[in-house]
Amino acid sequence: MLTKKVLFISCLFFLAANILSAQDYAYIGAAKCKMCHNTEKSGFQYKIWSESLHSKSIATLSNAKSLEYAKKNGIKDPATEPSCLKCHSTAASVSADMVETITVAEGVSCESCHGPGSAYKTMTIMKDQKQALAKGMILPKKEVCLKCHNDKNPFHKPFDYEAAKAKIAHPKPKV
């Protein structure tokens, strides 16, 4: 009987420890990434992103081509339409409870490619890729891009992953 109680208490302890250590990751936004990723040592990664089409993806929802498409398809405003925002804004593409400080206005941000940064944002963790990956960072792969760059996109063009990757390339930080 004592053995069953000890086993039961051990299981409860193990379950509680797992629940307490479970990590929910949140999206923190490019402004938080900028603090460390906009220096020479980091390869000016934030600057490269901020000058890219990804950072300007919200603006494209208000261009003539997008507005014409919206009108033809009964969309009042593509800049507020969830079916458009899911690919034009990292913040709009995730559950609201995962949004910490990221904004819709920043467009397709760092975390679209690298995963929600709340748990891996510290320098201590970022210096250790294995630790960062364990805390929710992802290494971008073609499948990440294909979530939006696919034939469901009304403005779809053939997608060449290697060419696209070269356009957004940013050097790895020197640790």
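FYI, it's all coordinate maths here, none of it is from the lab. Here the structure is a predicted model, which means the values were calculated and not measured. Cβ atoms come from the backbone with ideal geometry, glycine included; neighbour counts cover every protein chain shown.
General observations
- Principal-axis tilt of helix 2-21 within the chain, Cα atoms, nearest 10 degrees: 30 degrees
- All Cα pairs of region 106-174, percent lying beyond 15 Å: 61 percent
- Normalised by the number of residues in the chain, the mean separation of alpha-carbon contacts (under 8 Å, six or more apart) gives a relative contact order of 27 percent.
- Two-decimal Rg/Rh across region 95-135, once Rg and the Kirkwood Rh are taken from alpha-carbon atoms: 1.00
- Since only Gln131, His88, Gly29 are under comparison, the one whose Cα sits farthest along the positive direction of the charge dipole of the chain, derived from C-beta charges on Lys, Arg, Asp and Glu, is Gln131.
- Check: the chain dipole with +1 on Lys, Arg Cβ and -1 on Asp, Glu Cβ, in debye: 340 debye
- Calculated mean residue ellipticity, 222 nm, the chain: -11500 deg cm²/dmol, from DSSP H runs (n ≥ 4) at -39500 (n - 2.57) each, averaged per residue and rounded to 500.
- Separation of region 68-145 and region 158-173, taken as the distance between their Cα centroids, equals 17 angstrom.
- On the basis of the beta-carbon distance and an R0 of 30 Å, Phe155 and Thr101 show a calculated FRET efficiency of 0.50.
- Convex hull volume per residue, computed on the Cα atoms of the chain, equals 160 Å³.
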